[in-house]
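One structure is given here, and the rest of the page talks about it.
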There are 2 protein chains.
Amino acid sequence: MARQVSPALRPHRVTAADVARKAGVSRSAVSRAFTEGAYLDKDKRAHILQVAAELGYRPNALAAGLQGRGRSNLVAIMTGDLVNHYDGEILARMIRQLTAIGKWSFVLSAGGEMPEADVTGVLGFPLDAMILRGGSVPDDVVAHCAKLKIPLIVSGRILEGPGIDSVCCDNARGAAMAVQGLIAKGRRRIAYLGGQADLTSDRERRKGFLDAVRAAGLEPAAQVDGDYSFEGGFAAARALLSSHPEIDGLFCANDAMALGAQAVATGELGRSVPENLSIIGFDDIAMARWPMIALSTIRNDMDMTVTQIMRLLTARLKDPEAPSQTIRTAPEFIARGTH
Amino acid sequence: MARQVSPALRPHRVTAADVARKAGVSRSAVSRAFTEGAYLDKDKRAHILQVAAELGYRPNALAAGLQGRGRSNLVAIMTGDLVNHYDGEILARMIRQLTAIGKWSFVLSAGGEMPEADVTGVLGFPLDAMILRGGSVPDDVVAHCAKLKIPLIVSGRILEGPGIDSVCCDNARGAAMAVQGLIAKGRRRIAYLGGQADLTSDRERRKGFLDAVRAAGLEPAAQVDGDYSFEGGFAAARALLSSHPEIDGLFCANDAMALGAQAVATGELGRSVPENLSIIGFDDIAMARWPMIALSTIRNDMDMTVTQIMRLLTARLKDPEAPSQTIRTAPEFIARGTH
DNA sequence: AAAAACTATGCACACGTGTTCATATAGGCG
DNA sequence: CGCCTATATGAACACGTGTGCATAGTTTTT
């Protein structure tokens, strides 16, 4: 009985050589048994696969990925805080789609900041691509990916550069839709409740808001910054509506903040929605259509976004040198009960 | 000028040999430069690291993980549908904690069923561990992991077996707390709105509910099954409250269903909560504490759960042969406005 | 001064796979 | 039979890394 040298630090994963020995074939044959379309006797393959199943063997994906040929099938997804419902819902869809085409997803999630060590660490893997979802991403990610020639797919903002593709909602048009929705309901003193002002999505929505308001011959009643969270919207709306009680229409840069604003307005401040205050959000998260919520909002279609991400990804993998693409998805006004 | 044979199928990632050549040292030295505590001249290391930075080199994690020594630092997380807010929030916390201790997270997310191909596929990687979060998981996962000696950490249900550790809320006690909370408010005709009846968590909560009701000298007014979703709770509560209008207290197996029940009760059915109907949920998702929601619920503490998962994981990695552990986390009654 | 301990460094091996290459066998066709 | 093609198979290599081993140089201890 052989004495084990290293006491099961890793319990000796079954290897192709083990299968070959037990099946009485060469190691090459075992490898071929798992390779579609390789020359191998039909009965022999069946025998090998059976022995492999008995031993619980499966090819080590690390060793396979080490091969220069072909791709590693590894993808990294950097996303924001998943307490944000939009990010959570879209992440689930992305993972499912990626798994469906045989890619494995490393997920990195940041509550606020993403340590550089994490970013550079995951780049230690020969990734097929990296997907950036959401706004705040350290700039060095872009530089690192460029240096390593790792394709970058960005969603939720537009990023320029070789090997970088972007898909993003037409934020300005969405914001304009919201403004028009408010005006159609007779609102004239309209305010903007923004997200982090340093994010592209916020800048675009803000600009779309301002342009649309002025195009209607009005002036914005106020602008204030939140942080894309329920709590941030709650606090910002309290300050805003207290100092500007004349406001009768509020466009919020995302749904979470819109719900926070509604909560503080109808609760603490005694306003009623939509009787004397209209609120419109952005994104159309699942909650927004709950009857008790019934939030009027601008749909930032998740299925369309994920579809486009996958399209860009496969195209980029097919031709890494292709010119960058930027896709703008169309927003849609969803009228419910808060405006 | 050298002609490239394969036209950038993978753009020749910079390798340790490249760095060694340019820095005028051996390849071993390069490897040692990136290894903490290895014997290497201080200046030499600095020089190597600088050259590496210029070339954009970083050690290939695949090749490193292939080494028998040490661990692969790969962890797979199988989770349910992330539209479920509890799953989403806890996933974000897990990923952050895992990243903090140097583990990379493969995430597999299922909306309902998880294809067996995905499960066996990810097991092609020499995982340090696999984390099952949530209820419905194909049984073969357990068999596969056992065969490959991959540690299994289960959260949200209890699973028995060698190398399997579990952490789960004390569901029965939580359900009993809810019942007592309802009774303390004078409710006597109390019903149970369950999740999928085949899930451990639902069975335990149901049993805790029944035992507590009977211990109080009452009989349950009704029991009905939902599916842990808002929509499922909505539909189930509509049927339940229509056929049993006498019900004055409702314990729901999770928060999402409780919100669905509240929506249909206060909307369509004209009930008022908590005046003539008390509702208590389970989990305490972030939304539950929003002022407009103010859901009374049983907290299934996420931070505590994740802490325990990490504790079990590190313990298991330290000693793979240690006996299985099962941790029950303590529920807590959070009284808000719906009961 | 001798011995011992520590530091520094290159060579060679191991990790587990996919695949090329050479070789061997079988089958179709003149 | 002789030629060509299609199929089958094992040996050998490449992927990129970490580290054991042997050796040499340097400092500390006896």
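Distance between the C-alpha centres of segment A:137-194 and segment B:295-339: 38 Å, rounded to the whole angstrom.
Only Cα pairs under 8 Å and 6+ residues apart enter the sum, and on that basis the relative contact order of segment A:244-339 stands at 30 percent. Of the residues A:T314, B:G88, A:S296, the one whose Cα sits farthest towards the positive end of the charge dipole of the protein assembly as shown is A:T314 (charges of +1 on Lys and Arg Cβ, -1 on Asp and Glu Cβ, taken about the Cα centre). Close amide-amide hydrogen proximity is noted between B:I279 and B:L250, B:H339, each under 5 Å apart and 5 or more residues distant or on a separate chain (H modeled in the peptide plane; Pro and chain starts excluded). All distinct Cα pairs of segment B:273-329 go into the 1/r average, and the inverse of that average, the Kirkwood radius, is 14.0 Å. The magnitude of the dipole of segment B:16-59, with charges of +1 and -1 set on the Cβ of Lys/Arg and Asp/Glu and taken from the Cα centre, is near 80 debye. Relative to the current alpha-carbon distance between B:D140 and B:T35, full extension at 0.36 nm per residue lengthens the span by 33.9 nm. Remark: the protein assembly as shown carries a charge dipole of roughly 2260 debye about the Cα centre, counting +1 on each Lys and Arg Cβ and -1 on each Asp and Glu Cβ. In the elastic network of chain B, a GNM with C-alpha springs shorter than 10 Å, the most mobile of B:S28, B:S109, B:S243 is B:S28. Net charge around B:R189, counting only other residues with Cβ within less than 12 Å of its Cβ (Lys, Arg = +1; Asp, Glu = -1)? Cβ neighbours under 12 Å give a net charge of -1. The residue among A:A286, A:T305, A:A237 whose Cα reaches farthest toward the positive pole of the charge dipole of segment A:230-324, with charges on the beta-carbon of Lys, Arg, Asp and Glu, is A:T305.
Dipole magnitude for segment A:171-299: computed about the Cα centre from +1 point charges on Lys and Arg Cβ and -1 point charges on Asp and Glu Cβ, it is near 420 debye. Within the protein assembly as shown, DSSP assigns beta bridges of which about 10% are antiparallel (rounded to the nearest 5).
Pairs exceeding 20 Å between alpha-carbon atoms, taken from A:K185/A:K207; A:K103/A:K149; A:K22/B:K147; A:K149/B:K42: A:K185/A:K207; A:K149/B:K42. Computed over every Cα-Cα pair of segment B:171-299 and binned at 10 Å starting from 0, the pair-distance distribution P(r) comes out as 15, 52, 31, 2 percent. Using the Kirkwood formula over every pair of different C-alpha atoms, what hydrodynamic radius in Å results for chain B? By the Kirkwood definition, the hydrodynamic radius is 22.9 Å.
How big is the antiparallel share of DSSP beta bridges in chain B, given as a percent to the nearest 5? Approximately 10 percent, going by the DSSP bridge assignments.
Computed over all pairs of different Cα atoms, the Kirkwood value for the hydrodynamic radius of segment B:134-189 is 13.6 Å. Here is how the number arises for chain B: DSSP H runs of 4 or more residues each give -39500 (n - 2.57), the sum is divided by the residue count, and the result at 222 nm is -13000 deg cm²/dmol. Could you check how many percent of all C-alpha pairs in segment B:16-59 are farther apart than 17 Å? That tail contains 15 percent of the Cα-Cα pairs.
Here the label points at A:S243 and B:L218, each 7 Å from Cα along the C-beta direction, are separated by 5.0 nm in the simple model. Take chain A, connect every pair of alpha-carbon atoms lying under 10 Å apart with a spring to form a Gaussian network, then pick out the residue of A:E246, A:E231, A:E275 with the largest mean-square fluctuation. Residue with maximal mean-square fluctuation among A:E246, A:E231, A:E275: A:E275.
With the Cα gyration tensor of the protein assembly as shown giving a ≥ b ≥ c as the square roots of its eigenvalues, does the rule (a/c under 1.5 for rounded; else a/b larger than b/c for prolate; else oblate) give rounded, prolate or oblate? Since a/c reaches 1.5 but b/c is at least a/b, the shape of the protein assembly as shown is classed as oblate. GNM on chain A, alpha-carbon springs under 10 angstrom: the most fluctuating residue among A:G226, A:G37, A:G124 is A:G37. Working note: Karplus 6.51/-1.76/1.60 with θ = phi - 60° gives segment A:233-242 the couplings x, 4, 5, 5, 5, 4, 4, 5, 6, 6 Hz, where Gly and Pro are set to x. Gap in Å between the Cα centre of segment B:203-234 and the Cα centre of segment A:28-60? If we compute the Cα centre of each part, the gap is 51 Å. Using the Cβ-Cβ distance between A:L66 and B:S272 with R0 set to 60 Å, the FRET efficiency works out to roughly 0.40.
Considering only A:I158, A:H47, A:A63, and ranking their Cα positions along the charge dipole of chain A that arises from unit charges at the beta-carbon of Lys, Arg, Asp and Glu, the one farthest toward the positive end is A:H47.
Quick note: the coordinates plus some simple rules give every number you see, no bench work behind them. Since the model is a prediction, treat every value here as computed from it, not as a measurement. Ideal geometry is used to build each Cβ from the backbone, glycine not excepted, and the neighbour counts take in all protein chains shown.
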